[in-house]
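Each value in this text was obtained by applying a stated rule to the coordinates, not by laboratory testing. Here the structure is a predicted model, which means the values were calculated and not measured. In this analysis, Cβ positions are derived from the backbone assuming ideal geometry, glycine residues included, and neighbour counts consider all displayed protein chains.
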Amino acid sequence: MFSYRHAFHAGNHADVLKHLVLIACLRHMTQKDTALWVVDTHAGAGLYRLDGDYAGTSGEAAEGILKLAAAIKAKGAEGEQALAPALADYLQVVRSFNKEGQWRIYPGSPFISQHLLRQEVRDKLKLFELHPTDSGTLAANIAQLGAGRQVGIAREDGFEALKSVLPPPSRRALVLIDPSYEIKTDYAKVAATLRDALQRFATGTYMVWYPVIPRPEAHELPRKLKTLANSFRKPWLHATLAIGQPEQAATVPGEPNRPGLTASGVFVVNPPHILKAALQQALPQLLEMLGRGRGQGQVVEAGGG
Ligand code: SAM
């Protein structure tokens, strides 16, 4: 437990997919003049340095945000204008945390959400992070925003704590469930948490991220979530992005080839109606820029309701 530190993975292709979807949902949900709650059950540290020790150790952003930024730069102004709106918006949000032309800071989900929430209609952000170090870092990072009571942070188990905030007073919420899946019981907990949350607050928008890895629990999770959403008669959207195997296998003598995570998925219950079309436009472009070898692909499917 607690060997996972998101700083090693910040800005990788999985973060790009997850945060692209998060931003597209929040842009739509913040158009209505009623307070929105965002609940982030597994918040992480909030803000990451792409040139820091952690990111440098794994270099995962090199196959994510940094590769994307370089590909877009190479396309020039015309290429950037041709970007799918959701992709352009994602890039613009990440860019806003950086100085012109630099990609040194990567915002995690808490900072992305806070960036898009509105003080004037009293949107709220509820963050849960259990890691002893990361919860402290998150609190320190958030304190610098001076967002006051808009943002609440607790060092609690996000699966359990979600129960205490549903339903939100305004009856409008987006819940991000983004565990590290360090322990395989996380898969079952995600499904159980979503079931409980839908019983408490059936009209909330729920977004689950998961890794696409050769493990039965990971393979079964999207199927389980579809069955669950269908049993509540709720619409759902499922999107996956697989960047494929690395073209050059790491050749450390005596070490097995570890390609790292090559694919991930996002499952959304009660997605904004614009989401499917937005992702159908954005994901092929994303794959064109991030795809590398065998096994690459993207899927956007929707159902239920
Ligand atoms: N949502 C973040 C983002 O997009 O920037 C990344 C979160 S990271 C994938 C998962 C986080 O969950 C880790 O920081 C880990 O310490 C934390 N964590 C693990 N188990 C938890 C639990 N039961 N409740 C809350 N946080 C937990």
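Helix-only mean residue ellipticity at 222 nm, the chain, DSSP H runs n ≥ 4 weighted -39,500 (n - 2.57), per residue, nearest 500. What is it?
Calculated at 222 nm, the ellipticity per residue is -13000 deg cm²/dmol.
Give me the percent of Cα-Cα pairs in the stretch 161-305 that sit more than 21 Å apart, rounded to a whole number.
Everything past 21 Å amounts to 50 percent.
For the chain, set up a Gaussian network in which alpha carbons nearer than 10 Å are linked by springs, and say which option among 137, 240, 205 fluctuates the most.
Greatest mean-square fluctuation among the candidates belongs to 137.
Taking a virtual spin label 7 Å from the Cα of residue 133 along the C-beta vector, which residues in the stretch 3-36 bring their backbone nitrogen under 13 Å of it?
Within reach of a label on residue 133, which here means backbone N under 13 Å from a point 7 Å along Cα→Cβ, the stretch 3-36 contributes 3-9.
Which lysines does residue 234 reach when only Cα atoms under 27 Å apart count, and residues fewer than 8 places away in its own chain are ignored?
Counting by Cα, and skipping residues close in sequence, residue 234 has these lysines nearby: 18, 32, 124, 126, 163, 184, 189, 224, 226, 276.
When the chain is treated as a GNM, springs tying every alpha-carbon pair under 10 Å, which of 179, 284, 216 comes out with the largest mean-square fluctuation?
So, out of 179, 284, 216, the one fluctuating most is 216.
Rank 169, 299, 87 by how far each Cα sits towards the positive end of the charge dipole of the chain (+1 on Lys, Arg Cβ; -1 on Asp, Glu Cβ) and give me just the farthest.
About the Cα centre, the residue reaching furthest to the positive side is 169.
Could you point to the residue in 76, 132, 37 farthest towards the positive end of the stretch 1-150's charge dipole, with +1 and -1 charges on the Cβ of Lys/Arg and Asp/Glu respectively?
37
Over the stretch 84-157, consider all pairs of different Cα atoms and compute the Kirkwood hydrodynamic radius from their mean reciprocal separation; express it in Å, one decimal.
13.6
Given a Förster radius of 45 Å and the C-beta distance between residue 196 and residue 120 as r, what FRET efficiency does 1/(1 + (r/R0)^6) yield to the nearest 0.05?
That pair, residue 196 with residue 120, gives E of 0.90.
Can you give the charge dipole size of the stretch 165-305 about its Cα centre, rounded to the nearest 20 debye, using +1 on the beta carbon of Lys and Arg and -1 on the beta carbon of Asp and Glu?
Magnitude of the dipole: close to 580 debye.
With charges only on Cβ, +1 for K and R and -1 for D and E, what is the dipole size of the chain about its Cα centre, in debye, rounded to 20?
Approximately 840 debye in magnitude.
Which is the longest run of the chain containing none of the GluC sites (Glu not before Pro) found in DSSP loop states (not H, G, I, E, B) with at most 12 other C-beta atoms within 10 Å?
No qualifying site falls inside 1-99, the longest such stretch.
From the square roots a ≥ b ≥ c of the eigenvalues of the alpha-carbon gyration tensor of the stretch 141-226, which class results: rounded (a/c under 1.5), prolate (a/b over b/c), or oblate?
oblate
Please report, to two decimal places, log10 I(q)/I(0) for the chain at q = 0.07 Å⁻¹ as given by the Debye formula with identical point scatterers on the Cα atoms and no solvent.
Calculated log10 I(q)/I(0) at the listed q: -0.25.
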